[in-house]
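*Asks:* Have a look at the structure that comes next, please.
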Amino acid sequence: MPPVNKLDGTSAFTDRLHFLMFNHSIPEEKRDKELLGKLLTDTERTKIIHWALEGLEELKRKNFVFTESDTLSNFKKIT
């Protein structure tokens, strides 16, 4: 994470950041070069939209508080 100066002496800004941890990399030779096209088909797009809306409903039920993994919590402590 790039350093963020705490101009006001608090962590208010960084407390509001949400990090996405990518701990698994697919080797180049195993990557699906046609994935974007596959995801943009009508069937897959519909599924993705429904999945996103389900996630939004869950987030609303949790009063817009994101779930945080232990890995992410530990990462934020050291940054």
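*Asks:* Those residues that are more than 30 Å from residue 73 (Cα to Cα) and either under 18 Å from the mean Cα position of the chain (by Cα) or of a type in the set (Lys, Arg) (or both), I need them from the range 13-38; list them, please.
*Replies:* Of everything in the range 13-38, those that are more than 30 Å from residue 73 (Cα to Cα) and either under 18 Å from the mean Cα position of the chain (by Cα) or of a type in the set (Lys, Arg) (or both) turn out to be 30, 33, 38.
*Asks:* Which residues, counting only those in the range 39-79, are within 14 Å of the chain's Cα centre (by Cα) and among the polar types (S, T, N, Q)?
*Replies:* Selection gives 67, 69, 71, 73.
*Asks:* Here's a follow-up. Have a look at 47, 6, 77 and point out the one that is at pLDDT below 90 and surrounded by 10 or more Cβ atoms within 10 Å (Cβ to Cβ).
*Replies:* 6
One line per residue, one yes/no per condition, for (1) in contact with a helix residue (DSSP H, G or I) (Cβ under 9 Å, 6 or more places away or on another chain); (2) aromatic (Phe, Trp, Tyr); (3) free of Cβ contacts under 8 Å to residues at least 40 places away in the same chain:
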| site | (1), (2), (3) |
| --- | --- |
| 27 | no, no, yes |
| 53 | no, no, yes |
| 68 | yes, no, yes |
| 76 | yes, no, no |
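*Asks:* Which one of these does residue 10 not meet: (1) β-branched (Val, Ile, Thr); (2) in contact with a Leu (Cβ under 9 Å, 6 or more places away or on another chain); (3) closer than 25 Å to residue 70 by Cα?
*Replies:* If we test residue 10 against (1) β-branched (Val, Ile, Thr); (2) in contact with a Leu (Cβ under 9 Å, 6 or more places away or on another chain); (3) closer than 25 Å to residue 70 by Cα, just (2) comes out false.
*Asks:* Now a separate question. Quickly run through the range 58-79 and pick out the residues that are part of a helix (DSSP H, G or I) and farther than 12 Å from residue 19 by Cα.
*Replies:* Within the range 58-79, 58, 59, 60, 61, 70, 77, 78 qualify.
The values are calculated or read from the model by the stated rules, or taken from the named source; none is laboratory data. Here the structure is a predicted model, which means the values were calculated and not measured. Cβ coordinates were reconstructed from backbone atoms using ideal geometry, including for glycine residues, and neighbour counts include every protein chain displayed.
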